[in-house]
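Each remark here refers to the structure printed beneath this line.
The values are calculated or read from the model by the stated rules, or taken from the named source; none is laboratory data. Please read these numbers as outputs of a predicted model, since none were measured by experiment. Cβ placement follows ideal geometry from the backbone for every residue including glycine, while neighbour counts extend to all protein chains displayed. Side chains are part of the model used for accessible areas, which takes the heavy atoms of the whole protein and leaves out ligands, DNA and RNA. Shrake-Rupley method; radii C 1.70, N 1.55, O 1.52, S 1.80 Å.
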Amino acid sequence: MALKAGDQSQAAMNRLKEKVLTLDTMNPCVRRVEYAVRGPIVLRALELEQELCQGIKKPFTEVIRANIGDAQAMGQKPITFLRQVLALCIHPDLLNSPDFPEDAKRRAERILQACGGHSLGAYSISSGIQLIREDVARYIERRDGGIPADPSNIFLSTGASDAIVTVLKLLVAGEGRTRTGVLIPIPQYPLYSATLAELNAVQVDYYLDEERAWALDVSELRRALRQARDHCYPRALCVINPGNPTGQVQPRECIEAVIRFAFEERLFLMADEVYQDNVYAEGSQFHSFKKVLTELGPPYAAQQELASFHSVSKGYMGECGFRAGYVEVVNMDAAVQQQMQKLMSVRLCPPVPGQALLHMVVSPPAPSDPSFAQFQAERQAVLAELAAKAKLTEQVFNEAPGIHCNPVQGAMYSFPRVQLPPRAVQRAQELGLAPDMFFCLRLLEETGICVVPGSGFGQREGTYHFRMTILPPMEKLRSLLEKLSQFHAKFTRDYS
Amino acid sequence: MGQQPITFLRQVMALCTYPNLLDSPSFPEDAKKRARRILQACGGNSLGSYSASQGVNCIREDVAAYITRRDGGVPADPDNIYLTTGASDGISTILKILVSGGGKSRTGVLIPIPQYPLYSAVISELGAVQVNYYLDEENCWALDVNELRRAVREAKGHCDPKVLCIINPGNPTGQVQSRKCIEDVIHFAWEEKLFLLADEVYQDNVYSPDCSFHSFKKVLYEMGPEYSSNVELASFHSTSKGYMGECGYRGGYMEVINLHPEIKGQLVKLLSVRLCPPVSGQAAMDIVVNPPVPGEESFEQFSREKEFVLGNLAKKAKLTEDLFNQVPGIHCNPLQGAMYAFPRIFIPTKAVEAAQAHKMAPDMFYCMKLLEETGICVVPGSGFGQREGTYHFRMTILPPVDKLKTVLQKVKDFHMKFLEKHA
């Protein structure tokens, strides 16, 4: 009997259902994973870009990707010295070229000598090139006013994300009520929630205090921990400082209090410090967990387990695409540290070009070096511009009624709170959308501006936010901020 | 081990890394053209931006075009191509998505014995069930479907076998499977409803004149629509092997066939949590799939360098096989492809006992002694799996020819002494 069109599609559907790998048969943990930074709103942004390419008319001429902390994608230029040294490492013939400064050449030679076969193309040891780990240790020592760092406690990684996931993997054990719980800030960078879902660990939320510039309150940590102990075995406490998406830079007292708390409650501390070079507000200062821990002295310094993370993706470098980072582990059990090395070895090694970049980030040109002046100028320019954009963003948003933006003390984002009228909330619910997702989707459709709804990061019930990067070029940023504010006003009117 | 990188590849990478060089007269036009194409496809025209999680679009298109050419016109869809952080990343990701169930319904993953231990490691990490199928050492490490059948049948008692992993050309074993074998495997996967993983990272490393690389994708397609529309397949390639040897760049891709559209969405979602694979590795992959062609300025030098590397590897493969087979108590199967010798060593009973006294696998004991006495570091067969009571080690064929000869001689001398000592 000949198949009819409808039958054909039913047959096709049946075939789809018979596949080995379907939503029903896949890893259920992976199914639960969400990552809003590249989630549904970004997929829609991509579609809109394609429509624009096809000449379809929109109320805007370009889609602005203010959803992701990717500075170079928004026009920030790479640091010249870094790229010169890397090019020399990649193609050592260039060591004979007059177009490269001497100090860049010396650096490249030093890096290449530390590579197998003197080539970036060789696998390095799994924890990273020894020379570069030593440089990282010295960087940490300088940063922390002389407090020693041991290269064997430093593990290079494929971005900070890779090391964060590795440490979490080591931590997750038990089952049912003894399943590992991990405390994470709300709002958080959704790598944490995604990884906890994937590892089937228990996510334990602690709320940052929006009323007080996203302060971290130990009493809130205590509350979260107490409640968590009913249903899981809390073993780790994650802190993001400077904060993502929230941009706060925690004061020293806070960090001390967190360390004491972690010690009291026997929690493994994970300090995500990838924005350590992105501190803008006057009066704010980056205090590394490692430094504060050591300065607290006994019993904390020699006993509190800590993993701190850094990356080349942020700071003034913005080298996201190279996927380079490191973790420093402090007071980790020696046998566990070996296990970590073993786990990393399965993936051979982090990308070697990224390791080379990291070397330069942690040992930049010295004042006496030929490249110093240009390096410094470029670095300062980037950081100054970020600081100006942080300030502008906070200012413009706070001028808009119904938008309130906490001070952007550091990092690369604003996370303003938006008032949404009840009718809009209702409409969102009818559509099966979180209210701030609804807001952000409408924003995208009407202005081309892509930001990520607060629901993707977590927020107190009944509050709505979005995360927007401060990265678009200054002039464009100003106009975006104004467009966004105007859109919010219109949205509020439309749904009143 | 001293192999030189391919000049053209490094030129394009340097241009991408430091675009000021696009103005330099020391770089050929064809390299500049490729660099510009890659950069234009990157955010901010820079390798420093995150790419799309699936990889830079034009690079995926180039990969698809490469696969289509490689497979004699069998079409590849860029949408089915995912760039990855080395092939290991892609393999690990696909296995992760596949593993589900609990107890007797826990996912079983069939892997060859001997295998490349990424598979056993990932299976262990994911808490999946490892299901061993033995390659036939007597028969040049052939893959026998009867053995697959045996393995699946036994596995069904305690797990849900869903996945079948093939490494072709083989690591550590170096065999290149015949076309018939690949057809048989595909048919078996179709019959038993198994998801096929084809690890083809050594596809450019085929040395034996009697062997050819047959991609699973091509064979699947040529077997007709019942197979080509149904069998779910993921094939993997890498910049780390071949004639490129760009291990440190962590470049790779996977091509997925017949995946449920919702699963493809899940795959991108999972990959997005790690943002993207290193963009410089993606660029390296682009050059691998889009090398200089006849008529282009760099073609001659590129071809020369490529032929030299591959010719050298072929020579070393033969040398290694021949030298090992001259040693009493060592038997090495033909090194048809890949980069390794996996000779069988006959360890005398006394040595086996000595090993057991040291609480070591006998071949680990052997390899440790080899290391201590000669400085030569190889990996015991127990690290890859082998039939009970047999012993092997895996050694690469990568050292320069003269050094390789010395190494092989040293191994021979060590082996003779070892046999004598433990007679």
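This table checks each residue for (1) under 21 Å from residue A:188 (Cβ atoms); (2) within 23 Å of the chain's Cα centre (by Cα); (3) not acidic (Asp, Glu).
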site: A:259; (1), (2), (3): yes, yes, yes
site: A:276; (1), (2), (3): yes, yes, yes
site: A:307; (1), (2), (3): yes, yes, yes
site: A:313; (1), (2), (3): yes, yes, yes
site: A:319; (1), (2), (3): no, yes, no
site: A:331; (1), (2), (3): no, no, yes
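How about the range B:331-343: which of its residues are surrounded by 20 or more Cβ atoms within 10 Å (Cβ to Cβ), of a type outside the set (Gly, Ala, Ser) and touching a residue at least 60 places away in the same chain (Cβ under 8 Å)? Don't jump to the end; show me each part of the working.
As a first pass, look at the range B:331-343 and keep what is surrounded by 20 or more Cβ atoms within 10 Å (Cβ to Cβ): B:332-333, B:335-343.
Imposing the further condition that a residue be of a type outside the set (Gly, Ala, Ser) reduces the set to B:332-333, B:335-336, B:339-340, B:342-343.
Correct list: B:333, B:335, B:336, B:339, B:340, B:342.
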*Residues that are closer than 13 Å to residue A:149 by Cβ and aliphatic (A, V, I, L, M), drawn from the range A:275-300*: A:293
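Hey, any hits in the range B:400-412 for a residue that's in contact with a Lys or Arg (Cβ under 7 Å, 6 or more places away or on another chain) and farther than 29 Å from residue B:111 by Cα?
First pass over the range B:400-412, keeping only residues in contact with a Lys or Arg (Cβ under 7 Å, 6 or more places away or on another chain): B:401, B:404.
The next check asks that each one be farther than 29 Å from residue B:111 by Cα; those that pass are B:401, B:404.
Looking for residues that are in contact with a Lys or Arg (Cβ under 7 Å, 6 or more places away or on another chain) and farther than 29 Å from residue B:111 by Cα, one finds at least one in the range B:400-412, hence yes.
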_Filter pass, residue A:236 being more than 26 Å from residue A:468 (Cα to Cα) and surrounded by 23 or more Cβ atoms within 10 Å (Cβ to Cβ)_ = yes
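Being under 25 Å from residue B:86 (Cβ atoms), out of contact with any strand residue (DSSP E or B) (no Cβ under 8 Å at 6 or more places or on another chain) and open to solvent by less than 20 Å² (accessible area, probe 1.4 Å) is the requirement here; does residue B:242 meet it?
Details: under 25 Å from residue B:86 (Cβ atoms): yes; out of contact with any strand residue (DSSP E or B) (no Cβ under 8 Å at 6 or more places or on another chain): yes; open to solvent by less than 20 Å² (accessible area, probe 1.4 Å): yes.
So residue B:242 fits the description; yes.
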*Provide a single number: the residues in the range B:47-70 that are over 13 Å from residue B:255 (Cα atoms) and either within 19 Å of the chain's Cα centre (by Cα) or facing chain A (nearest Cβ under 10 Å) (or both).*
9
_What pairs come out if I take residues in the range A:181-199 that are within 11 Å of chain B (Cβ to nearest Cβ) and pair them with residues that are of a type in the set (S, T, N, Q) and in a loop (DSSP other than H, G, I, E, B) whose C-beta lies under 7 Å away, six or more apart or interchain?_
A:189/A:244
_Members of the range B:380-415 that are open to solvent by 20 Å² or more (accessible area, probe 1.4 Å) and free of Cβ contacts under 8 Å to residues at least 60 places away in the same chain_ = B:382, B:388, B:389, B:391, B:402, B:403, B:406, B:407, B:410, B:413
*Quick check: anything in the range A:486-494 touching a Phe, Trp or Tyr at 6+ places or on another chain (Cβ under 7 Å), closer than 24 Å to residue A:39 by Cβ and open to solvent by 10 Å² or more (accessible area, probe 1.4 Å)?*
no
*If residue B:298 satisfies every condition in (1) farther than 24 Å from residue A:118 by Cβ; (2) buried (at least 21 other Cβ atoms within 10 Å of the Cβ); (3) more than 12 Å from chain A (Cβ to nearest Cβ) but one, which is the exception?*
(1)
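Filter the range A:75-84 down to residues that are outside any helix (DSSP H, G or I) and surrounded by fewer than 22 Cβ atoms within 10 Å (Cβ to Cβ) and give me whichever is nearest to the other protein chains (Cβ to nearest Cβ). Before you say what the answer is, go through the steps one by one.
If we filter the range A:75-84 for residues that are outside any helix (DSSP H, G or I), which is where we start, we get A:75-79.
If we keep only those that are surrounded by fewer than 22 Cβ atoms within 10 Å (Cβ to Cβ) too, we end up with A:75, A:77.
Working: A:75: 6, A:77: 8 Å.
Only one residue fits best here, namely A:75.
Only one residue in B:247, B:332 is away from chain A (no Cβ under 12 Å), within 29 Å of residue B:185 (Cβ to Cβ) and in contact with a Phe, Trp or Tyr (Cβ under 6 Å, 6 or more places away or on another chain), so which one is that?
On the way: B:247 fails: away from chain A (no Cβ under 12 Å).
None of the others qualify; the one that does is B:332.
In the set B:1, B:13, which member is facing chain A (nearest Cβ under 8 Å), assigned to a loop (DSSP other than H, G, I, E, B) and under 26 Å from residue B:303 (Cβ atoms)?
Working: B:13 fails: assigned to a loop (DSSP other than H, G, I, E, B).
The conditions single out B:1.
Please determine, by comparing only the residues of the range A:53-74 that are assigned to a loop (DSSP other than H, G, I, E, B), among the charged types (D, E, K, R) and open to solvent by 10 Å² or more (accessible area, probe 1.4 Å), which one is nearest to residue A:456 (Cα to Cα). Let's see the steps before the verdict.
The first filter runs over the range A:53-74 and keeps only residues assigned to a loop (DSSP other than H, G, I, E, B), leaving A:54-63, A:66-71.
From what is left, the residues that are among the charged types (D, E, K, R) are A:57-58, A:62, A:70.
Within this subset, residues satisfying the condition of being open to solvent by 10 Å² or more (accessible area, probe 1.4 Å) are A:57-58, A:62.
On the way: A:57: 30, A:58: 26, A:62: 24 Å.
So the residue we want is A:62.
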*For residues in the range B:16-28 being more than 8 Å from every other protein chain (Cβ to nearest Cβ) and part of a loop (DSSP other than H, G, I, E, B), which is surrounded by the most Cβ atoms within 10 Å (Cβ to Cβ)?*
B:27
*Taking residue A:103 and the conditions (1) open to solvent by 30 Å² or more (accessible area, probe 1.4 Å); (2) in contact (Cβ under 8 Å) with a residue 24 or more places away in the chain; (3) over 28 Å from the mean Cα position of the chain (by Cα); (4) more than 13 Å from chain B (Cβ to nearest Cβ), which numbered condition does it fall short on, given that it satisfies the others?*
(1)
*Would you be able to tell me the number of residues in the range B:253-295 that are open to solvent by 10 Å² or more (accessible area, probe 1.4 Å), within 12 Å of another protein chain (Cβ to nearest Cβ) and farther than 30 Å from residue A:319 by Cβ?*
6
*Scan the range A:107-122 residue by residue and report those that are touching a residue at least 40 places away in the same chain (Cβ under 8 Å), more than 9 Å from chain B (Cβ to nearest Cβ) and either open to solvent by 20 Å² or more (accessible area, probe 1.4 Å) or more than 29 Å from the chain's Cα centre (by Cα) (or both).*
A:107
*What are the pairs, 6+ residues apart or on separate chains, where a residue within the range B:258-279 that is among the acidic types (Asp, Glu) has its Cβ under 6 Å from a residue that is assigned to a loop (DSSP other than H, G, I, E, B)?*
B:262/A:23
*Give the residues of the range B:80-109 that are crowded, with 24+ Cβ neighbours inside 10 Å, more than 10 Å from chain A (Cβ to nearest Cβ) and of a type in the set (Gly, Ala, Ser), sorted by residue number.*
B:87, B:90, B:108
*Within the range B:29-50, can you find the residues that are part of a loop (DSSP other than H, G, I, E, B) and in contact with a Pro (Cβ under 9 Å, 6 or more places away or on another chain)?*
B:46, B:47, B:48
*Run residue B:220 past the list (1) away from chain A (no Cβ under 11 Å); (2) open to solvent by 20 Å² or more (accessible area, probe 1.4 Å); (3) under 23 Å from residue B:95 (Cα atoms) and report the number of the one that doesn't hold.*
(2)
*at pLDDT 95 or above and touching an Asp or Glu at 6+ places or on another chain (Cβ under 8 Å): does that describe residue B:307?*
no
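Of all residues in the range A:435-469, which are part of a helix (DSSP H, G or I) and of a type in the set (A, V, I, L, M)? Steps first, answer last, please.
Step one: of the range A:435-469, the residues part of a helix (DSSP H, G or I) are A:435-447, A:454-456.
Scanning the range A:435-469 gives A:437, A:441, A:443, A:444.
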